[in-house]
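A quick write-up on the structure given underneath.
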Amino acid sequence: MSVHTAVDLGASSGRVMVGRAAPGVLDLTEVHRFPNGPIPVAGSWFTDAVGLWQQIRTGLRAVARRAPDASTVAVDTWGVDYGLLAADGTLLGTPRHYRDARTEGIADGVHARTPALELYRRNGLQHLPFTTLYQLIAEGRLLDLADRLLLLPDLFGFWLAGVQGAEATNASTSGLLDVGTGRWGDDLVALSGVRPGLLPAVHDPGTVLGGLRADVLADSGLGSGTRLVAVGSHDTASAVVAVPAEDERFAYIACGTWGLVGVELEGPVLSEDSFAANFTNERGVDGRIRYLRNVMGLWVLQQCVAEWDADLPGLLDAAADVPPGGPVVDVDDPRFLAPGPMAERVRTTVTESGRRPPATRAEVVRCVLDSLADAFARSVADAVRLSGHDVRVVHLVGGGARNRLLCQLTATACGLPVVAGPVEATALGNVLVQARAAGDLDGSLETLRALVRQTADLTTFEPQHRPLNTGVGVS
Ligand code: LFR
């Protein structure tokens, strides 16, 4: 059985994992973990791509020590962000982080030329101010120097294997992909102002991209037969692959720094109501549509914990003792997007709503979690209403699955059972698609999901009674 290396770069941490998958077997071992996050430089926010590359190198050496014959490698990262390359392949500048303020107001200018609903019908995306399309318009002079744009997983893929391409699930977060064809939309590319030749050809997950560069092999110690494979290189696409669903009647919450809430569909929903509710149609593995909304996720809580330099488990225990029925905020308020003093922003938002602001840290945490659970429940209800896709259970995967209080509050707010786990859904989805490409597994996503269900550690949270004056609930 082959050994697969998943390089999974998340918003707050990156990891290199080795895994194996075959009928009846699915295992995953972390060999290297490192912190990640937007880095402030003179008032702007950047991603340290070279620093991440250094961590990937360290991770690959650790893989080679355990499993020198590792047969395939694949990378997934968050969406939308990119690097620009010169004709000789040199990275031009440090990639900007999507939380940077440079995209403020850009979308309004674009929508004055192409109405937002028209754009929605072309690229299927919810409005997020930082979609690649808007970032490119904000990019300025560097674009004139660039010969190639690579989204982040494709950039690391280029550094690993020397091949340039655009993996489809992640390209679908750019706003430049035609929602109907899953390939670059000429009109969308023109709207972004970039030359068509800047973008490499799109390929689908499962494509074997080629062997690793000689310098990477020499540095890591990996065997010369190691191949780079395209998986759902958008982290959320890989996470959705590993949802341990029994049948298609499920909603998912991929809960990490973001909470990506939705259902899986065979085709996009491009109605005016869907547009108004800000639902996106991102591409999934095997051409599925990830019909979802971005909810702010654990970001607000992570920022509070970092600011307090506090211990999360202790805070969660204290938050569980705060009585229900406290204030909730709209976690999707744009004021929570940028890094900064989050607890203060939460208090101010509650005060503006006319309620008593949370006084203690435990109350702030409870307010954030109650607010998240309500936002999750609203999005599940909207996804069902707008797509007509029936849902019996909510699968909460990713780091948020460790947060029992959040899982319980979400089950109660949704009025549906929440199955929590696996925590490492993204890396598992990455490994599963590699294993399928390597021929160790075959079958549909349903077969891959059955394997996750068989092997993962899952906890079910049933809805509990809640006071009538709080939250929304899905009936
Ligand atoms: C989650 C995620 C979301 C995307 C956001 C920004 O990690 O990839 O799906 O909207 O990050 O790229």
For residues in segment 132-150 being in contact with a Ser or Thr (Cβ under 7 Å, 6 or more places away or on another chain) and not small (Gly, Ala, Ser), which is farthest from the ligand (Cβ to nearest atom)?
-> Ile137
Pro115 is checked against (1) closer than 30 Å to Met17 by Cα; (2) away from the ligand (no atom under 16 Å from the Cβ) and fails just one. What number does that condition carry?
-> (1)
Does Gly340 satisfy being at pLDDT below 95, of a type outside the set (Asp, Glu), part of a loop (DSSP other than H, G, I, E, B) and more than 30 Å from Met17 (Cα to Cα)?
-> yes
Looking at segment 301-320, is at least one residue touching a His at 6+ places or on another chain (Cβ under 7 Å) and within 16 Å of the ligand (Cβ to nearest atom)?
-> no
Residue hits (segment 265-285; within 16 Å of the ligand (Cβ to nearest atom) and crowded, with 21+ Cβ neighbours inside 10 Å) are Phe279, Thr280, Asn281, Glu282, Arg283, Gly284, Val285
If you check every pair at least six apart or on different chains, which have Cβ atoms under 9 Å apart with a residue in segment 67-80 that is more than 22 Å from Thr173 (Cα to Cα) first and a residue that is within 16 Å of the ligand (Cβ to nearest atom) second?
-> Val73/Ala6; Val73/Val7
Residues that are more than 12 Å from the ligand (Cβ to nearest atom) and not charged (D, E, K, R), drawn from segment 254-264 | Val263
Residue check: is Asp311 at pLDDT below 95 and either small (Gly, Ala, Ser) or over 17 Å from the mean Cα position of the chain (by Cα) (or both)?
-> yes
For Pro324, state whether it is within 15 Å of the ligand (Cβ to nearest atom) and farther than 15 Å from Val364 by Cβ.
-> no
Could you list, in sequence order, all residues of segment 433-460 that are outside any helix (DSSP H, G or I) and of a type in the set (Val, Ile, Thr)?
-> Thr459, Thr460
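Here is a yes/no grid of residues against (1) of a type in the set (D, E, K, R); (2) assigned by TED's automatic domain parsing to the domain that holds Leu372; (3) touching a residue at least 12 places away in the same chain (Cβ under 8 Å):
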| site | (1), (2), (3) |
| --- | --- |
| Arg404 | yes, yes, yes |
| Pro417 | no, yes, yes |
| Thr426 | no, no, yes |
| Leu432 | no, no, yes |
Phe250: more than 16 Å from the ligand (Cβ to nearest atom) and within 19 Å of the chain's Cα centre (by Cα), yes or no?
-> yes
Across segment 294-323, what is the number of residues that are crowded, with 21+ Cβ neighbours inside 10 Å, part of a loop (DSSP other than H, G, I, E, B) and of a type in the set (A, V, I, L, M)?
-> 2
Evaluate segment 4-17: report whether one residue or more is under 30 Å from Ile137 (Cβ atoms), over 18 Å from the mean Cα position of the chain (by Cα) and assigned to a strand (DSSP E or B).
-> no
Within the bounds of segment 105-122, is there any residue that is crowded, with 19+ Cβ neighbours inside 10 Å, more than 18 Å from Leu143 (Cβ to Cβ) and in contact with an Asp or Glu (Cβ under 7 Å, 6 or more places away or on another chain)?
-> yes
What residue, of Leu155, Leu119, is closer than 24 Å to Gly287 by Cα and over 20 Å from the mean Cα position of the chain (by Cα)?
-> Leu119
In segment 285-330, which residues are within 25 Å of Asn123 (Cβ to Cβ) and among the aliphatic types (A, V, I, L, M)?
-> Val285, Ile289, Leu292, Val295, Met296
Top-ranked residue in segment 64-99 [being more than 24 Å from Arg283 (Cα to Cα) and touching a Leu at 6+ places or on another chain (Cβ under 7 Å); ranked as farthest from the ligand (Cβ to nearest atom)] = Pro68
Residue check: is Arg293 within 22 Å of Val231 (Cβ to Cβ) and either under 20 Å from the mean Cα position of the chain (by Cα) or more than 14 Å from the ligand (Cβ to nearest atom) (or both)?
-> no
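The values are calculated or read from the model by the stated rules, or taken from the named source; none is laboratory data. What you are looking at is a predicted structure, and each value in this text was computed from that prediction instead of being measured. Glycine also receives a Cβ, built like all others from the backbone with ideal geometry; neighbour counts cover every protein chain displayed.
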